[in-house]
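Structure, as structure tokens:
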Amino acid sequence: MTVTNTGTVTDTYTLALAGPGALVATLGATQVTLAPGASQIVPITTTAVNFAVPGGLPLIGIATSQGNPAVRKHGQG
């Protein structure tokens, strides 16, 4: 997942995964610190799924600002 600081100050973001796919997924890092306008790609590793029927399995990535916890961004893959 790509995390981008769209703010005007350096910030640290706590990263998490949600949704059914999170049961078989692991983040490459649980937090990142970014300068304003900077981005970082955080790898997500998945393992075999043995609890679902074939097809898509929702996975949501969440980045929460430590400087302002009301700032929370998420994306689904």
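The values are calculated or read from the model by the stated rules, or taken from the named source; none is laboratory data. Values in this document were obtained by computation on a predicted structure and should not be read as measured data. Heads up, the Cβs are rebuilt from the backbone with ideal geometry, glycines too, and the neighbour counts pull from every protein chain shown. Side chains included, ligands, DNA and RNA excluded: accessible areas come from the protein's heavy atoms. Shrake-Rupley method; radii C 1.70, N 1.55, O 1.52, S 1.80 Å.
Values for this structure:
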{"item": "Label point at His74 placed 7 Å out along Cα→Cβ; residues across segment 12-38 whose backbone nitrogen lies under 15 Å", "result": "14-23"}
{"item": "Solvent exposure of the chain as accessible area per residue, Å², 1.4 Å probe", "result": "62"}
{"item": "Calculated on alpha-carbon atoms, Rg and Dmax of segment 35-77 in Å", "result": "14.6, 42"}
{"item": "Protection proxy ranking, peptides 14-27, 50-63, average beta carbon neighbours within 10 Å, highest first", "result": "14-27, 50-63"}
{"item": "nm² value of the averaged projected area, convex hull over the Cα atoms of the chain", "result": "4.9"}
